[in-house]
Amino acid sequence: MKKTIRDIDVSGKKVLVRCDFNVPMQNGEITDDIRITSALPTIRYLIENNAAVILMSHMGRPKGEPKPEFTLKPVAERLQKLLGQEIIFAQSDVVVDAGVEAAAAALKPGQVMLLENVRYRKEETKNEEPFTGQLAALGEIFVNDAFGTAHRAHCSTAGLAAYMPAVSGFLIEKEVKFLGDALEEPERPFVAIMGGAKVGDKIPVIKNLMKKVDTLLIGGGMTYTFIKAMGYDIGTSLLDEESIDLAGELLAQARHDGVNLMIPVDSVCAREFSNDSEKIVCDSTAMADGYMGMDIGPKTVELYSDVIAKAKTVVWNGPCGVFEMPNFEGGTKAIAQALADSDAVTIIGGGDSAAAVEQFGVADKMTHISTGGGASLEFLEGKELPGIVCLEEK
Ligand code: ADP
Ligand code: MG
């Protein structure tokens, strides 16, 4: 178990907190502030416990240069409103300069300061000096609360841990608790659903989950690489050529290990990747020529819903079909509903899967929706995340 801010004395200390304020922006306006509101519990705890709080984050990809469109100033303004107290925005093209150092030195317990976008500095994503040392000089304790970038070893996500005591904030604590417990001590039956479109990225995750789950349900664009590996035609469906052999190996491994690896038995197919395309249902062993699989079919929905109803833990990563198109949202919607109706611990990983449960109005029925797409995938893959490994053990 990693130490959290509850496990150390922050009173009177200057605390450097890495947040994920990489919010979506349109014409200089923040379009969704969930990433800011998610950081509030940690920030409030630090204020209440008499720490002087110095916040850090990246936004977008300014590639190591100051670019005004990626400034964190709008975040400072929104945070100030949400928190109801002044946020000192340390505007600087180089993130840390003499003025910022002076402002940090003058910061009093209970006050909050936000540094400029850490990716204005080219060292940040390479975890190089002198930037890490310059950040370190501003504070005495490092708190990582940015789960979304925890799979990256950057100055502000991991490098700082070499300089001072390093612990997690409440957001990372929650992610590690839900994702970690599900993988290490799941209540069984443990079911994972893997869908979406990033087949090559997700096959390693399937490999790791196979060692842990009772049943693995394949859906979405993942489906057709498996059906191809089974030797059937897939029409014009999404295919990851490079993963066909690996998919075949996973099918064999599942048989060998006695894991119930389920591949859709039918699909809703279309001639074109368009909502207006004529749609037909095909069995997986008889996909129509010139058609592509767009969603899991009705027989698959029934089989999968049954498995989910009996599960005690469900991890879902990747939608079961092209849910952005109303004509092909049915499978994903039904699976989301099956999770909402079940009394299992339900964990959603992946940006599009989170968007899907939101779209179908069942987000509040899920036990945990992970805030980190890539980070949650690497976690499920069994990899160590540099932004978490660097934190102190209890
Ligand atoms: P997540 O963000 O949850 O990890 P991915 O990014 O891997 O998920 O995949 C999400 C995308 O997969 C969605 O945009 C969806 O339209 C697409 N998708 C789902 N099923 C199919 C399919 N059968 N063919 C093509 N794309 C699909
Ligand atoms: Mg995605």
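The values are calculated or read from the model by the stated rules, or taken from the named source; none is laboratory data. As the structure is a prediction and not an experimental result, all values here were calculated from the model. Ideal geometry is used to build each Cβ from the backbone, glycine not excepted, and the neighbour counts take in all protein chains shown. These accessible areas exclude ligands, DNA and RNA; they are computed on the full protein's heavy atoms, side chains included. Shrake-Rupley method; radii C 1.70, N 1.55, O 1.52, S 1.80 Å.
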Extreme residue, nearest to Ala336 (Cα to Cα), among residues of region 352-368 that are within 14 Å of ligand 2 (Cβ to nearest atom) and open to solvent by less than 50 Å² (accessible area, probe 1.4 Å): Val357
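Collect the residues in region 211-257 that are assigned to a loop (DSSP other than H, G, I, E, B) and at positive phi, keeping them in residue-number order.
Result: Gly231, Gly235.
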Conditions: (1) in contact (Cβ under 8 Å) with a residue 40 or more places away in the chain; (2) under 23 Å from Pro165 (Cα atoms); (3) among the small types (Gly, Ala, Ser). Gly64 meets all but one. Number of the miss? (2)
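Is there a residue in region 47-64 that is among the small types (Gly, Ala, Ser), in contact with a Pro (Cβ under 7 Å, 6 or more places away or on another chain) and modelled with pLDDT of 95 or more?
Yes; the residues of region 47-64 include at least one that is among the small types (Gly, Ala, Ser), in contact with a Pro (Cβ under 7 Å, 6 or more places away or on another chain) and modelled with pLDDT of 95 or more.
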Working only within region 261-275, note down all residues that are touching a residue at least 24 places away in the same chain (Cβ under 8 Å) and either under 15 Å from Ser237 (Cβ atoms) or in a loop (DSSP other than H, G, I, E, B) (or both). Ile263, Pro264, Val265, Asp266, Ser267, Val268, Cys269, Ala270, Phe273, Ser274, Asn275
Which is surrounded by fewer than 22 Cβ atoms within 10 Å (Cβ to Cβ) and either on the phi > 0 side of the Ramachandran plot or of a type in the set (A, V, I, L, M, F, W, C) (or both), of Ala137, Ala146? Ala137
Within region 4-22, the residues that are open to solvent by 10 Å² or more (accessible area, probe 1.4 Å) and closer than 20 Å to Gly148 by Cβ are Asp20, Asn22
Condition first: of a type in the set (Asp, Glu) and either touching a residue at least 40 places away in the same chain (Cβ under 8 Å) or within 12 Å of ligand 1 (Cβ to nearest atom) (or both). Now tell me which residues in region 182-213 satisfy that. Glu187, Asp201
When you scan region 211-225, do you find a residue that is open to solvent by 20 Å² or more (accessible area, probe 1.4 Å) and closer than 21 Å to Thr285 by Cβ, even just one? no
In region 289-372, which helices (runs of 4 or more DSSP H) lie fully inside it and hold 2 or more residues that are within 13 Å of ligand 1 (Cβ to nearest atom)? 330-341, 351-359
Determine whether region 325-332 contains at least one residue that is among the hydroxyl-bearing types (Ser, Thr, Tyr), over 29 Å from the mean Cα position of the chain (by Cα) and surrounded by 22 or more Cβ atoms within 10 Å (Cβ to Cβ). no
Of those in region 182-210 that are among the acidic types (Asp, Glu) and outside any helix (DSSP H, G or I), the residue least open to solvent (accessible area, probe 1.4 Å) is Glu187
For region 380-391, what are the residues that are at pLDDT below 90 and buried (at least 20 other Cβ atoms within 10 Å of the Cβ)? Leu380
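Scan region 214-226 for residues that are under 22 Å from Thr332 (Cβ atoms) and either touching a Pro at 6+ places or on another chain (Cβ under 8 Å) or without any contact (Cβ under 8 Å) to a residue 24 or more places away in the chain (or both) and jot them down. Steps first, please.
Filtering region 214-226 down to residues under 22 Å from Thr332 (Cβ atoms) leaves 215-226.
Selection gives Thr215, Ile218, Gly219, Gly220, Thr223.
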Qualifying residues in region 169-181 (those that are under 16 Å from the mean Cα position of the chain (by Cα) and open to solvent by 10 Å² or more (accessible area, probe 1.4 Å)) - the one farthest from Val259 (Cα to Cα): Phe170
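Which residue out of Gly258, Gly248 is free of Cβ contacts under 8 Å to residues at least 12 places away in the same chain, over 26 Å from the mean Cα position of the chain (by Cα) and more than 15 Å from ligand 1 (Cβ to nearest atom)? First the steps, then the outcome.
Details: Gly248 fails: free of Cβ contacts under 8 Å to residues at least 12 places away in the same chain.
None of the others qualify; the one that does is Gly258.
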Condition first: crowded, with 20+ Cβ neighbours inside 10 Å, out of contact with any Phe, Trp or Tyr (no Cβ under 8 Å at 6 or more places or on another chain) and under 25 Å from Met210 (Cα atoms). Can you find one or more residues in region 277-300 that meet it? yes
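Quick one: count up the residues across region 333-343 that are in contact with a Ser or Thr (Cβ under 6 Å, 6 or more places away or on another chain) and open to solvent by less than 10 Å² (accessible area, probe 1.4 Å).
Counting residues in region 333-343 that are in contact with a Ser or Thr (Cβ under 6 Å, 6 or more places away or on another chain) and open to solvent by less than 10 Å² (accessible area, probe 1.4 Å) gives 1.
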Restricting the search to region 228-245, which residues are of a type in the set (D, E, K, R), over 17 Å from Ala288 (Cβ atoms) and either within 16 Å of ligand 2 (Cβ to nearest atom) or buried (at least 18 other Cβ atoms within 10 Å of the Cβ) (or both)? Asp240
Are any residues in region 85-106 over 18 Å from Gly28 (Cβ atoms), open to solvent by 70 Å² or more (accessible area, probe 1.4 Å) and in a loop (DSSP other than H, G, I, E, B), and if so, which ones? Glu86, Asp93
